[in-house]
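Laboratory data are not the source of any read-out in this text; all were calculated from the coordinates shown. Note that the structure is predicted; figures quoted are calculated from it, not measured. Note that we place each Cβ from the backbone using ideal geometry, even for glycine, and neighbour counts take in every protein chain shown.
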Amino acid sequence: MEFVNNLLFQPTVTHLAASKYLLVLTAFVHFAYIGYVLGTTLFSVFFNIVDRDTPSHDARTLSEYLAGLAASNKGLMVYLGVLPVIAAAILYAQVLYETQQLTTAGFVGGAVIVPVAFILLSFYRSSFRFREVNYPLHILLGVAALGAFFTAYFIICSGVSLSLDPEKWPFIRNPAEFVIFSWNNIARFVLFIGVSLAITGTSVLFLYFGPEAVREKEESYNRLVRNFALGLSLGSCLLLPVLVYWNLITIPDVGKSIPMYQVTGLALVALAAAGRWVYGLLVNADAQPGFRPLGAVLLFFLLLTVADTMTREYAFRDHNYMLLAKAEAARLEEESKRRAAIAEKAGGAVGEGDPAQGEKLAQLNGCVSCHSVDGSANIGPTWKGLYGHEVVVLEGGKEVTVTADDAYIVQSIRDPNSQVVKGFQAIMPAQPTMSDQDIAHIIAYIKTLK
């Protein structure tokens, strides 16, 4: 866990917002691809077993075709399968900053299993060459790949479910409690499987029957593929609303919100459109699928991902507010220490000056040529009403609000460009030779300009 911790930083509003949007994009791309891989692998193994029990050339061909879809491109496996899940684990760790390390460890643990699953899947696809020679090993590779995928994403779904219930975080003591049984764990995982089936069915429709697709000549095989893809697509479109509802009712109350329900409703509209198009293909055997059913299912999943992110945001919004409050408190404490050190370095003379002497020094050193004492605009900020009031400055490229006290004025004279008042240029030269006593006189003078 030290490696993950070293990649994190104290969150700010900007960091948390960026993590949220990156998480939506990463989760959508990755889980859509994994759903496609998981579904094609599942039915490749299924038709492989069917062909073994009741030998069928069509079933074997479809099994090999689906395995080819699942493991067709090693680049996709890496860039859409492995890297995004690692990135998502780190993003979750960032959003869950300063929580139990075991919470983050669950996401990382699931991410570690994913590459193993893809390696097994590649071996399974390659083993079709010796399927007839060593069928048990061949089918074992397929089942092992499926088992690795199911295990990884059950752990990840458990982590997502747990992240919706921050009150449980302090009580997690061992890995077994991380995947503790809860209805939302189960509902979320089953929903993921349902989405995987919908993506698989509509993907096969598009890839096999699309305008650029090359189909087999045997009509019986084409009919098998079409019936399989249509049945899987329509069945999952009918089942998914039930699974979405099951997931919603098992979400902890702390994660529920009106916007989340609204986005989920839009997702169901997209799913209904996908079901309508799939049904049209079912009743019209001559109709070509095109991209619309798959596009509608992907839109459904994207909106579902957005709604799920809203759920997590609501669930641990208090946790995030606490983090930001702690970060601000730490910043103010550091600022206070720094100012105290500057004041101490000034020799304790600050605050013991003579206003009349300070006015003379301001004129002799040319201070009043840039800083007005009556509130009028000038090259630099006015001194009138400055002392004791808050000032917005740029420090390290970021806006910071500070109080114009003794330490602030000392620093403004000694190192004026370290904190530049917003709206002004960093053109004031440092005054390293001005004595601490002279600075004390100038501060005393500024205090009188109310």
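Listing Asp374, Asp58 from the residue with the fewest other Cβ atoms within 10 Å to the one with the most, what is the order?
Result, fewest neighbours first: Asp374, Asp58.
How far apart, in nm, are the 7 Å Cα→Cβ label points at Asp415 and Val143?
Here the answer is 6.8 nm between the modelled labels.
Among Leu207, Leu62, Leu42, rank each residue by its count of other Cβ atoms within 10 Å, from fewest to most, as a rough exposure measure.
Leu207, Leu42, Leu62
Could you sort the peptides 299-310, 189-200 by per-residue average Cβ neighbour count (10 Å cutoff), highest mean leading? Mind dumping the intermediate values first?
Working: 299-310: 21.7, 189-200: 23.2.
The peptides rank, most packed first, as 189-200, 299-310.
At R0 = 60 Å, how high is the FRET efficiency between Val269 and Glu390 if r is their beta carbon distance? Nearest 0.05 is fine.
Details: r = 49 Å, r/R0 = 0.82.
After rounding to 0.05, the efficiency reads 0.75.
As an exercise, use a Förster radius of 45 Å and the Cβ-Cβ distance of Ile49 and Leu22 to find the FRET efficiency, rounded to the nearest 0.05. Each step should come with its number before you reach the end.
Working: r = 40 Å, r/R0 = 0.89.
For R0 = 45 Å, the calculated efficiency reads 0.65.
Computed FRET efficiency, Cβ-Cβ of Lys74 and Ser376, R0 60 Å: what is it to the nearest 0.05?
Rounded to the nearest 0.05, the efficiency is 0.30.
Taking every pair of Cα atoms in the stretch 363-450, average 1/r, invert it to obtain the Kirkwood radius, and report Rg/Rh to two decimals.
0.92
Skipping prolines and chain starts, which residues have an amide H placed within reach, meaning under 5 Å, of the one on Val420, given they are 5 or more residues away or on another chain?
For Val420, whose amide H was placed from the backbone, the distant partners under 5 Å are Leu394.
May I ask you to derive the relative contact order of the stretch 346-448, considering only C-alpha pairs under 8 Å and at least 6 residues apart, and to give it as an integer percent?
RCO, the stretch 346-448: 42 percent.
Summing Lys, Arg as +1 and Asp, Glu as -1, what charge do residues with Cβ under 10 Å from the Cβ of Leu361 carry, Leu361 excluded?
-2
Counting other beta carbons within 10 Å of each residue's own, what order do Ile379, Ile86, Ile258 fall into, fewest first?
Least to most surrounded, the residues fall as Ile258, Ile379, Ile86.
Could I have the simple spin-label model distance between Thr433 and Ile249, label points 7 Å from Cα toward Cβ, reported in nm to one decimal?
Going by the 7 Å Cα→Cβ label model, 8.3 nm.
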